[in-house]
Each structure stands twice: as C-alpha cells, then as structure tokens.
Amino acid sequence: RRTDTPLLWFDGELASADTLQAPLTTHAMHYGTGVFEGIRSYATRDGAAVFRLPEHLERMRKGAELLGIEFDVQQAFDATLETLRANGHRDAYVRPLTWLGTGADGITVGLDVPGLSQHFMVVTLPTIVHLNGKRARLTVSPWRRNPATSLPPLKLCGAYINSILAKRESRLRGFDEALFVDDEGMVVECTGANVFMVRNGEVTAVEHRDALPGITRDTVIALTGAQSRAVTHHELLDADEVFVCGTAAEVAPICALDRREFGDNPVTRELQALYARVVRGEESSRAAWLTTV
Ligand code: PMP
C-alpha cells in the first residue's frame, strides 16, 4: 500500500494521518512531556526487517517510566510492525512517540493527576536518501549538553531543545553539525549521534555520562571491538579519522572539526560497508539484531 496519506498507529489502531489531531492543551506541547524513539527498518532478502527493535523500545520504556507514562513494550513492538506492514514500507524510519495529553494544567503529573491522558503513536517514513555518505563538517557547540544530573540521557522530547539550539547555531555558522564538549574539554556527543575516533588503526568510542547510550554506538563497538573511554577535544583534533553514528546517521564520516580537516578515512569506509551489510541481513552472524516485518 503506497498512497500520499500514510497510515499511522494512534492509541491502539491504524488511522489515516490526515484524520488525526491533537488538542492545543496537550501537556507535551506545553512542557515537552513525551518520549520518542528513532528506529530503522531495512529492505533485506527476506523482506523488511527492523534493526534492534527490542533495544530501542527498552530505552523508550525507561524514558516513559521516568515521566510516569505507562508503556507496554509488547504493544509498541506489535504496533511498529503493523504500521510498517500497513504502509508497505521496507526502507523506513520509524518514529514511536508517547506523550501526556489533556487533563492537567500545571506541571504535576502522574498519580496526583489521574485524569491526565496518555497517548502512543507510531509513524513510519520511507527513507530513500541517507545522511550516510555525506562527509559532515563539525563545529564545537557554544551550548553545553544537558548534564545527566539535570536531564538523564534518554529520548525525552523536551530535552531535544538542547540539540536544536546546538544544531541551529552550527548551521548558522556554516557547519553541518555540532559537537558537544563539556566544561573540562571532554567530548560528549553530537546533536543526534555518538562520536568515535580512529588513531593508528585503533577505533575508540567516546564515552561520556551526559551522552545518549546509542544503539548504533553499541553495534559499532560489537563490530569493531572498539575501546570505550573518555576522550578530550584535543585528542579528537589529533585523530586520523573521526566518525559519528546513530540510527538515522548510520556510520557518517566527519571531514572537518572547525579548522581541522581530516584526510582519507579508510577505517570508517570499511566500517560503513560492514554496517550496511549487517543492517540488511547480509551478515548471518548478526541476524539476531533484525526483526522480520
Ligand atoms: N545521541 C543523541 C542525542 C541522539 O538523539 C541519538 C539518536 N537516537 C544518538 C546519540 C544515537 O543513538 P542511536 O544509535 O540509538 O540512534
């Protein structure tokens, strides 16, 4: 089924996207009280398959728990597959979102406000062009990352204002993406991707408590045996190769960090190719990461 108005999952059933609306008093619109995920499905030899779906939904469950939103992982799992099937999508970006709706005026949520509604939707978007392949230029953000002590690194809607400010500033400065560095000069992450470096052929995953524990990051560590450790801004400038990774970005090489230009990136290129085979089910030893649609 391929039409201009895709079906999306909303509160227990599939509906045409153009028939749905959210009230203006939606709590999440005022306070950012929602949790989302970004998931990919890929065309494989056996049809569409979702990459690391349980891991994404488990991260979403943690975010929902924090906000006191009830979240049924099994239902979200089924809804994701049903939405993909209904739209006939194979290569797709999947966006589940759960949020607080109407029935409360203030910031008190949870048990004190039993009338506050909760919602869950899944939208799937066909992905044709990948960010992948484009060698991005990074600039260090003047904005600090949300510290984990103020906002835990989960996919909480409101928390993404921090990424939006950093991304916007980097674009205004003529770069593609922002790199968050902390007060001590330690690398944190990008606005929607985790950071890696390659030096003397060795792959290192940047570790930081304020960074989202990325599922692609975990995948890349498993594929390369990369060491995970804290990395300074200066070390990154001194690296042979830098790449970022995330569900949407996949494995994306970095061609510059401010005035530092990076040259050839053979290790990143090889990893990009391996990642592409893994997500498309061409590496049988990693088949367990895929859920057939
Ligand atoms: N950091 C941030 C801030 C993100 O939004 C994302 C995208 N979810 C990532 C890292 C990468 O995470 P993942 O590999 O799980 O998509």
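Derivation of every value follows stated rules applied to the coordinates shown; laboratory data play no part. Everything numeric in this text was worked out from a predicted model, so none of it was measured. Methodologically, a virtual Cβ is constructed for each residue, glycine included, from the backbone with ideal geometry; neighbour enumeration extends over all protein chains shown.
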Quiz item: Which whole-Hz ³J(HN,Hα) couplings does region 183-198 yield from phi under the Karplus relation 6.51 cos²θ - 1.76 cosθ + 1.60, θ = phi - 60°, glycine and proline marked x?
Solution: 4, 8, x, 8, 6, 9, 5, 9, 6, x, 7, 8, 10, 10, 9, 10
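Please compute the contact order of the chain in relative form: average sequence separation of alpha-carbon pairs under 8 Å and at least six residues apart, divided by the residue count, as a percent.
Working: 592 pairs, mean separation 57.3, N = 293.
Once normalised by length, the contact order is 20 percent.
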Self-check item: Estimated inter-spin distance, Asp18 and Gln75, nm [label 7 Å along Cα→Cβ]
Solution: 2.9 nm
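Can you show me the helix-derived [θ] at 222 nm for the chain, built from DSSP H runs with n ≥ 4 at -39,500 (n - 2.57) apiece and divided by the number of residues, rounded to the nearest 500. Show your work: numbers first, answer last.
On the way: 7 runs with 77 residues, N = 293.
Only helices count here, giving -8000 deg cm²/dmol.
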Quiz item: Convex hull volume of the Cα atoms in the chain, per residue, in Å³?
Solution: 138 Å³
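Only counting other Cβ atoms within 10 Å, I'd like Glu270, Glu241 sorted with the fewest neighbours first. Each step should come with its number before you reach the end.
Values: Glu270 12, Glu241 21.
If I rank by nearby Cβ atoms, fewest first, I get Glu270, Glu241.
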Quiz item: For region 169-193 and region 208-260, what is the separation of their Cα centres, given in Å?
Solution: 12 Å
Quiz item: Residue by residue, what Karplus-based ³J(HN,Hα) values in Hz, rounded to whole numbers, does region 7-18 have, using 6.51, -1.76 and 1.60 with θ = phi - 60° and x for Gly and Pro?
Solution: 8, 10, 8, 9, 6, x, 8, 7, 9, 5, 4, 7
Self-check item: Around Asp210: net Lys/Arg minus Asp/Glu count, Cβ-Cβ under 12 Å
Solution: -2
Self-check item: Interchain or long-range residues, amide H under 5 Å from His89's placed H
Solution: none
Practice problem: Quick one: go through region 90-106 and flag any residue whose amide nitrogen is under 19 Å from the point 7 Å out along the Cα-to-Cβ line of Ser117. | Solution: 97-106
Quiz item: On full extension of the chain, what length is gained from Ala148 through Ser284, given 0.36 nm per residue of separation minus the C-alpha to C-alpha distance?
Solution: 45.3 nm
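Compute the FRET efficiency between Asp11 and Glu184 as 1/(1 + (r/R0)^6), taking r as their Cβ-Cβ distance and R0 = 45 Å, and round to the nearest 0.05. Before the final figure, lay out the partial values.
Values: r = 45 Å, r/R0 = 0.99.
It comes to 0.50.
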Quiz item: Which far-off residues, 5 or more places away or on another chain, put their amide H under 5 Å from the one on Arg260, with H placed in the peptide plane?
Solution: none
Self-check item: region 90-247, relative contact order in percent, only Cα pairs under 8 angstrom and at least six apart counted
Solution: 18 percent
Quiz item: What list of ³J(HN,Hα) values in whole Hz, one per residue of region 30-47 in order, does the Karplus curve 6.51 cos²θ - 1.76 cosθ + 1.60 (θ = phi - 60°) give from phi, with Gly and Pro shown as x?
Solution: 8, 10, x, 7, x, 9, 10, 9, x, 10, 10, 10, 10, 6, 10, 4, 9, x
Exercise. For region 27-82, calculate the relative contact order in percent as a whole number, restricting contacts to Cα pairs under 8 Å that are 6 or more residues apart.
Key: 27 percent
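Counting Lys and Arg as +1 and Asp and Glu as -1, what is the net charge of the other residues whose Cβ lies under 12 Å from the Cβ of Glu282? List each step's numbers first, then the result.
Values: positive: Arg45, Arg277, Arg280, Arg286; negative: Asp46, Glu283.
My count for the surroundings of Glu282 gives +2.
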